[in-house]
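Notes to accompany the following structure.
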Amino acid sequence: MECRDRYFMIAVDLSFTGEEPRFEAVDATGVHPITEQYAAKCGYSVSVLPLRGHVELRASVFSCHTDNKDDEVFTFNFNLIANHEGKEVTYALNKTCSPSLPWSPREVTCEENYMEVSVRSEVPCASAAKKEDWSAVKSAHSSNTSDWQVTFQRAEEQSMPMTLSDARKQGYVFDLTAGRLVFRTPYGQPDSFSTEVKSCGVNGVPVEVVHTPEVLHPLVSGLHDTQVHIGVDGELVEQPVAEERGYTVEKHNATVQISIPYNAEGGYRKSFVDDDLYEYYVFHLYLEQISVDEDHVDTRLRFHRTLSTPLLPRPVFTENRTIHEEHVFTIYLGDVPDDVELAAVNLNGHKCTIPFTNTSSHTITKVAHPNNTHGYTLRVPFVDPVVIQQVKVSCVSEDAAMQQKLDINYTLTVLPENEPFYHLASVMALTDVSPPVFDAVCSESGISFKLDHRPFDYLWYISIDTELLTSELAAQHGYIMSNDSQRKLILILDLEDNFTLKGFLGTFEILVRDHETSEVQSSTVKTCPFSTTELIMCSTDGRMTVVADLSRAVPSGGIPARTNLVDKDCGPKEADDSRALFSFPLNGCGSIDYKVFPTRSMAVNQSLSYRITVQCTYPLAGLHRLFSTYRFESDTVGIGSIIHHAQATPGTVGGSPAGHDQLSLIILDL
């Protein structure tokens with residue numbers, strides 16, 4: 001609650017009052033509801049200001065139910081009726097105000113819903129002709145107001161005089177205070193008329209006029225000097241402040257032209273949805289004009305008016321900020337006003353509410369700006385499932401490229417109404433279609449080949465040498481394969497070997513072939529070092545390579561390099577203090593081959609105190625030749641084993657899974 005120069009102001013937060021607050025004026029005669037019609041008649045102005053978030057009551061010091069003490073002390077009493085959770089609650093509000101500004105001889109207030117004029121009874125007159133009229137007015141001051149009459153004048157027509165009580169019935173209020181005559185009228189009364197004021201540079205400024213006797217209409221008199229002050233929300237600002245805010249005041253003869261930038265301080269901006277996004281600006285103008293006539297009598301005009309612009313387009317925009325090398329769509333949604341928020345994003349038909357879940361690969365980030373706007377940065381990887389992937393083939397060169405497309409529908413809402421509107425955008429990118437490249441890694445158990453899935457990888461297939469890599473082929477060769485929605489993993493256990501006693505180098509190659517022509521498009525070769533105490537490899541071309549620990553088989557002080565296989569001419573290729581490396585064909589060095597059936601076993605020589613048996617086992621179904629032409633060919637590598645015999649007892653040196661005929665070749669060391 002604040003006392004201003006010529007009125008009292010109450011502002012209450014709408015969050016407290018509810019949507020439909022009401023006011024009542026209170027005086028000794030009772031309680032008087034302030035309706036729209038009653039407010040205009042009695043000097044009240046009630047406005048709900050959603051942009052400012054409150055309801056405002058302005059009451060003239062001469063309003064109907066104000067206690068006036070000699071035009072110097074004014075006491076206001078009101079009731080505020082608020083709504084709390086469906087229940088009406090009444091609050092008493094009161095204030096006593098004393099104007100800090102002296103009264104001018106003539107004062108005019110143009111409120112939003114009424115006009116009010118007050119004149120001092122001792123106003124000097126400019127000419128002898130007018131003095132007679134003023135003498136009549138002054139004599140009337142001393143008489144009973146019930147004897148007063150008023151005449152309204154429209155252009156050249158003058159209405160019949162009427163009593164003040166009849167005038168009050170028509171909505172006019174005349175009041176005589178301690179030292180002033182007050183007249184108040186709502187806008188649009190039958191006795192008012194509209195006209196246009198013309199001046200240099202400005203044509204046809206519409207005004208509403210109410211004439212009482214001409215001497216009480218100072219604005220049509222010759223004005224000697226005029227000063228204009230401007231402000232907002234019922235408060236004037238100093239001239240330097242007005243200039244800093246961009247307010248300009250220009251005088252053109254009898255017309256004052258005021259210009260205010262849309263976004264000037266003191267104004268309010270609001271977004272509005274009408275299919276698309278618009279905005280408008282509201283400025284609660286307060287103006288004071290001081291005019292001095294030739295007799296140095298000043299007239300003070302105060303003007304309250306809410307100015308608003310028409311709806312202005314307020315488009316937001318999108319900008320494609322994608323860096324192709326990142327393989328991520330980056331789209332910026334910008335110029336979003338402060339009272340607008342992003343509620344959801346539709347990506348190629350997939351609705352995503354804001355904020356995105358932590359599990360999604362796409363992200364959105366809010367970006368604040370100092371000019372009361374903000375933006376949003378959306379990032380969606382090219383490989384995100386929501387992105388549409390399509391292979392494009394050039395008709396000229398037949399080169400293929402992958403097109404990624406993302407259609408975006410932003411859902412934005414205007415606050416606080418939560419009124420939605422939509423902004424559409426579409427982005428595309430072209431990616432060169434290149435054959436997949438494996439990431440090869442050495443591990444203790446073999447070589448791992450890893451490949452991230454891409455939507456266009458169906459253009460090629462993977463082969464081991466000339467054979468298509470399938471789960472059946474992997475099982476046949478003992479490869480380990482895993483495949484999920486993100487990555488394919490192949491762990492190779494079958495290695496091309498380059499053995500030494502210190503270890504060996506395992507090398508494997510994976511080929512990528514064109515799906516249509518089967519031509520090799522790329523290959524990945526990986527060589528890894530391996531070391532082990534004992535090792536046996538059974539190749540597909542019929543060769544056995546063995547690293548064996550001889551520390552217990554060779555007598556103390558013996559030399560592993562002097563050991564041999566059954567054939568005494570088959571010694572080790574390398575040896576150290578405890579191990580020996582043998583490499584020999586399966587049909588040589590005294591090897592024994594036999595067909596093993598379920599539950600069959602083979603007795604071995606019991607004359608040795610310690611021996612080592614090495615064995616390779618191959619499925620018979622995969623053998624193409626069995627030494628018939630001194631060649632050995634197998635579809636798969638063999639399964640090798642090294643068996644240490646601490647004591648010579650009858651036993652089994654090898655076997656096979658039930659139901660599978662196998663060939664075992666055994667070499668016994670001496």
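The values are calculated or read from the model by the stated rules, or taken from the named source; none is laboratory data. Note that the structure is a prediction, hence the values are computed from the model and not measured. Backbone-built Cβ (ideal geometry, glycine too); neighbour counts: all protein chains shown. Surface accessibility is based on the protein's heavy atoms, side chains included, excluding ligands, DNA and RNA. Shrake-Rupley method; radii C 1.70, N 1.55, O 1.52, S 1.80 Å.
Kindly indicate whether Val427 is at pLDDT 90 or above, surrounded by 15 or more Cβ atoms within 10 Å (Cβ to Cβ) and not in a strand (DSSP E or B). No. The set of residues from segment 283-299 being surrounded by fewer than 18 Cβ atoms within 10 Å (Cβ to Cβ) and among the β-branched types (Val, Ile, Thr) comprises Ile290, Val292.
Of everything listed in (1) in contact (Cβ under 8 Å) with a residue 12 or more places away in the chain; (2) closer than 21 Å to Lys502 by Cα, the single unmet condition for Asp567 is (2). One residue stands out among those in segment 27-48 that are assigned to a strand (DSSP E or B) and in contact (Cβ under 8 Å) with a residue 40 or more places away in the chain: the one that is most open to solvent (accessible area, probe 1.4 Å), which is Val31.
Of the residues making up segment 139-161, those that are modelled with pLDDT of 75 or more, under 12 Å from Asp191 (Cα atoms) and among the hydrophobic types (A, V, I, L, M, F, W, C) are Val150, Phe152, Met160.
For segment 351-376, a residue qualifies if it is open to solvent by 30 Å² or more (accessible area, probe 1.4 Å) and either in a strand (DSSP E or B) or closer than 21 Å to His324 by Cβ (or both), and the qualifying residues are Lys351, Thr353, Ser361, Thr363, Ile364, Thr365, Lys366, Val367, Ala368. What's the total number of residues in segment 542-571 that are farther than 19 Å from His645 by Cβ and modelled with pLDDT of 80 or more? So the count comes out to 11.
On the stretch given as segment 520-550, residues that are in contact with a helix residue (DSSP H, G or I) (Cβ under 8 Å, 6 or more places away or on another chain) and open to solvent by 30 Å² or more (accessible area, probe 1.4 Å) total 0.
If only residues of segment 232-274 that are open to solvent by less than 30 Å² (accessible area, probe 1.4 Å) and among the small types (Gly, Ala, Ser) are counted, the one that is nearest to Pro313 (Cα to Cα) is Ser271.
The residues in segment 243-266 that are at pLDDT 90 or above and under 14 Å from Tyr286 (Cβ atoms) can be counted, and the count is 3.
Taking first residues from segment 229-246 that are in the same structural domain as Met9 (by the TED database) and partners that are open to solvent by 70 Å² or more (accessible area, probe 1.4 Å), no Cβ contact under 6 Å between residues at least 6 apart in sequence or on separate chains turns up.
Against the criterion of being modelled with pLDDT under 85 and either in the same structural domain as Trp460 (by the TED database) or not in a loop (DSSP other than H, G, I, E, B) (or both), Ala401 qualifies.
Pick out the one residue from Glu279, Glu250 that is part of a strand (DSSP E or B) and under 30 Å from Leu424 (Cβ atoms). Quick ask: steps written out before the conclusion?
Working: Glu250 fails: under 30 Å from Leu424 (Cβ atoms).
One residue alone meets the criteria, Glu279.
Here Leu468 meets each of (1) surrounded by 14 or more Cβ atoms within 10 Å (Cβ to Cβ); (2) under 30 Å from Gly640 (Cβ atoms) with one exception, condition (1). Considering every residue within segment 332-350, establish whether at least one is outside any loop (DSSP other than H, G, I, E, B), open to solvent by 70 Å² or more (accessible area, probe 1.4 Å) and in the same structural domain as Glu417 (by the TED database). Yes, that holds for at least one residue. Restricting attention to segment 604-619, does a residue exist that is modelled with pLDDT of 75 or more and open to solvent by 40 Å² or more (accessible area, probe 1.4 Å)? Within segment 604-619 (the criterion being modelled with pLDDT of 75 or more and open to solvent by 40 Å² or more (accessible area, probe 1.4 Å)), the answer is yes, since at least one residue qualifies. Taken together, Arg321, Arg302, Arg314 contain a single residue that is more than 30 Å from Leu57 (Cα to Cα), of a type in the set (Lys, Arg) and open to solvent by less than 50 Å² (accessible area, probe 1.4 Å), which is Arg314.
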